[in-house]
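The values are calculated or read from the model by the stated rules, or taken from the named source; none is laboratory data. Here the structure is a predicted model, which is why all the values come from computation and not from measurement. Neighbour counts are summed over all protein chains in view; Cβ atoms, including those assigned to glycine, are modelled from backbone coordinates with ideal geometry. Areas reflect the complete protein model, heavy atoms only, side chains present, ligands, DNA and RNA absent. Shrake-Rupley method; radii C 1.70, N 1.55, O 1.52, S 1.80 Å.
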Amino acid sequence: MCRHLGYLGPAVPVSTLVHDPPHSLVRQSYAPGDMRGGGTVNVDGYGVGWYPAPGGPAVRYRRAGTIWSDENLAQLCRVAVSGAVLAAVRSATVGMPVADTACAPFTDGRWLFSHNGRVAGWPGSVVDLARALPTAALLTLDAPTDSALLWALVRSRLAAGEGPAAALAGVVSDVAAAAPGSRLNLLITDGTALAGTTWTHSLWVRAGGGAVTLASEPLDDDPRWREVPDGCVVAADVSTVDVQPIGRG
């Protein structure tokens, strides 16, 4: 299982989320605390996305390999400052490619997206869902992976006018019905809103001080961290956090 986090709030160095906390994303890559049977480490890739200017486009840095060995990323995160960040480390599902393009965050315009989990019965279980997408969307997937297809499904719903939380919940419901036993923990932001799902894995939220963070595991021992119940979608911004159950498809 991968690990990911999303942050909205006052502009901070990206390193304060990815590298500096006692249980940072870097530490979670080699010493995760809650993999729930989904592997032992997250060493198959990583990525960080952020917004250099409020309201502007996102930038992304992603690589295959181990995040702790990338000193260039560590230096970049010390000087990059942003009020919105999405970052992930990857534990590749057996049979999935280990390549830069298979790593989150996936992007489209201002959107950043990540998937922690796997689609059961891939790829046969989701052929019908994929068939409903435009051919161009399938031909331009970042990688031949379940996460990339999930992103295409989410993008389709966003393009149809759904909000980020509704788009995530709809995709989770559809895929869970088509592929029972899937782990579908999704995370998305456009720099102003943040949404995430829990589907057979963990997600924690910390809110306060004009900021909100969603993360697979708490980054520190701050008592404001609260675990999101399984089977839920979280919609958040800097002032509100709304948790709702996802309908079973």
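Things to note:
- Accessible area per residue in Å² at 1.4 Å probe, computed on region 1-151: 41 Å²
- Helix-derived mean residue ellipticity, 222 nm - over the chain, DSSP H n ≥ 4, -39500 (n - 2.57), to 500: -6500 deg cm²/dmol
- Accessible-area composition of region 64-206, carbon plus sulfur, in percent [1.4 Å probe]: 57 percent
- Karplus 3J(HN,Hα) series, Hz, for region 71-76 with 6.51 cos²θ - 1.76 cosθ + 1.60 (x for Gly, Pro): 5, 4, 5, 4, 5, 4
- Largest first, the residues 111, 50 sort by 1.4 Å accessible area into 111, 50.
- Across the chain, the relative contact order, built from alpha-carbon pairs under 8 Å that are at least six residues apart, equals 22 percent.
- Entry comment: accessible area of region 201-249 is 47 Å² per residue, from protein heavy atoms only and a probe of 1.4 Å.
- Alpha-carbon Debye profile of region 109-163, log10 I(q)/I(0) at 0.18, 0.23, 0.29 Å⁻¹: -0.60, -0.99, -1.42
- Label positions at residue 162 and residue 72, each projected 7 Å from the Cα along the C-beta direction, are separated by 3.7 nm.
- Principal axis extents of the C-alpha atoms in region 1-87 (largest first, rounded to whole Å): 39, 23, 22.
- Dipole check for region 1-136: with +1 at the C-beta of Lys and Arg, -1 at the C-beta of Asp and Glu, and the Cα centre as origin, the magnitude is about 100 Debye.
- Among 220, 20, 108, the order of accessible area from largest down is 20, 108, 220, computed with a 1.4 Å probe on protein heavy atoms.
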